[in-house]
Amino acid sequence: ESPARAVLHSHTMAEEEFRAFDFEHSTEWNEYLGNVLIPPGADVERATRRLKRKWFKRNINSDLPADEPASESSPPQNEAPQSAHSHAHSHAAPSPSPQQSSVKRAVVRNALLLLNLAILVQGVLSLFPVFGAHVFYRRAMYCAMVTYIVSAFNAFGIPRSKMDLGQMFIDANAQYLFMCVVMITSRPTSAFMIIILVPAVYQTISLIKGKFFAKYIVAVTKPVAARRAQAFHTSAILEVSMVVLLVVQGFSYPQSFLVAFMWAQLLRIRYLCSTDIQQVFAAINRQFEALFVSIPMLSFARPGYVRVRGWLEKLARVDLRR
């Protein structure tokens, strides 16, 4: 059998495996998709197909062609057809074998598991007023930064286009990485450490599945996993509260004023990407509206509140009432 025929056969088999794969019930795929924001105005169906193919090629079968078959994807009419030379060049680089891909995935998963365990240990120790708590705080942040970088590149690979780079920057891992970069110059804050610990807990739970010791801790992980939505909602409340905490902290540590400003910019990005942040702002707006209704004496302040809210919405280009 010629090498070209063998490559064609492997591509065909990978394509059949891709079509038969149950994406709907795949936990890893749904977690990946949940961390990806498709830009407004984009073709959602086409973008999802592309993401599925990219994720499947990186995590399941590296023999899957990067491009969709011609029968499934029709290129734009104004797009020039690919030349024979460039087409041959695109298939010149040998793809890694399934065994190599499996080893790579195992190495990345084990590295992420160890990093997340380090975050949990160092982060929990930093919450207690013990000697060297600030050291544990810094170590947890450094481990978290490495974790987010590895997770982002593991999910998206090396960006090869502006769209890939944009998808990487609006990923939750990139946003948490920027949070750590902003907070690295600030004083240790327990609220921020809790924000870091929440994703570390649930990523550890997802990575620990299938390990030889997983059955011994299933009784502990089940109750925690059941409260995932509540935990991330609490984390979102802390993210919004961090602006106020940093402003208050700024009166004794002036550098925190700049950190609060940078955090507010990150919070705008988080608002656009996280439904939990949107729900927190909507709840805050409802509380203020209910306060003005229940206490008539405060009704004079409502026009000022509406103006401030409108100014913030215009500044951030969002709707804080949804």
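List of remarks:
A quick yes/no check of all residues on (1) under 19 Å from the mean Cα position of the chain (by Cα); (2) modelled with pLDDT of 75 or more; (3) open to solvent by 60 Å² or more (accessible area, probe 1.4 Å):
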{"position": "R5", "(1), (2), (3)": "no, no, yes"}
{"position": "E16", "(1), (2), (3)": "no, yes, yes"}
{"position": "D22", "(1), (2), (3)": "no, yes, yes"}
{"position": "E28", "(1), (2), (3)": "yes, yes, yes"}
{"position": "A47", "(1), (2), (3)": "yes, yes, no"}
{"position": "R50", "(1), (2), (3)": "yes, yes, yes"}
{"position": "N59", "(1), (2), (3)": "yes, yes, no"}
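- Candidates Q279, Q265, Q230, filtered to the one that is part of a helix (DSSP H, G or I), touching a residue at least 40 places away in the same chain (Cβ under 8 Å) and among the polar types (S, T, N, Q): Q279
- Residue match in region 159-181 (condition: open to solvent by 40 Å² or more (accessible area, probe 1.4 Å) and modelled with pLDDT of 90 or more): yes
- Residue satisfying all of: in region 139-158; hydroxyl-bearing (S, T, Y) and surrounded by 21 or more Cβ atoms within 10 Å (Cβ to Cβ); farthest from the chain's Cα centre (by Cα) among these: T147
- Filtered residue count, region 104-119, keeping only those that are over 19 Å from the mean Cα position of the chain (by Cα) and more than 15 Å from I205 (Cα to Cα): 3
- Taken together, V280, V259, V308, V247 contain a single residue that is of a type outside the set (G, A, S) and open to solvent by 70 Å² or more (accessible area, probe 1.4 Å), which is V308.
- Here is the figure for region 30-45: residues that are among the aliphatic types (A, V, I, L, M) and either at pLDDT 75 or above or open to solvent by 50 Å² or more (accessible area, probe 1.4 Å) (or both) total 3.
- Note on region 134-214: enclosed helices (runs of 4 or more DSSP H) holding 2 or more residues that are touching a helix residue (DSSP H, G or I) at 6+ places or on another chain (Cβ under 9 Å) and either on the phi > 0 side of the Ramachandran plot or β-branched (V, I, T) (or both) are 172-183, 190-208.
- Residue in region 68-80 that is in contact with a helix residue (DSSP H, G or I) (Cβ under 6 Å, 6 or more places away or on another chain) and modelled with pLDDT of 70 or more present: no
- Tallying residues that are touching a helix residue (DSSP H, G or I) at 6+ places or on another chain (Cβ under 8 Å) and either among the β-branched types (V, I, T) or modelled with pLDDT of 90 or more (or both) within region 215-230 yields 3.
The values are calculated or read from the model by the stated rules, or taken from the named source; none is laboratory data. This one's a predicted model, so the numbers in the text were calculated from it and none came from an experiment. Quick reminder, even Gly has a Cβ in these numbers, built from the backbone with ideal geometry, and neighbours come from all protein chains shown. We work out accessible area using only protein heavy atoms, side chains counted, and drop any ligands, DNA or RNA first. Shrake-Rupley method; radii C 1.70, N 1.55, O 1.52, S 1.80 Å.
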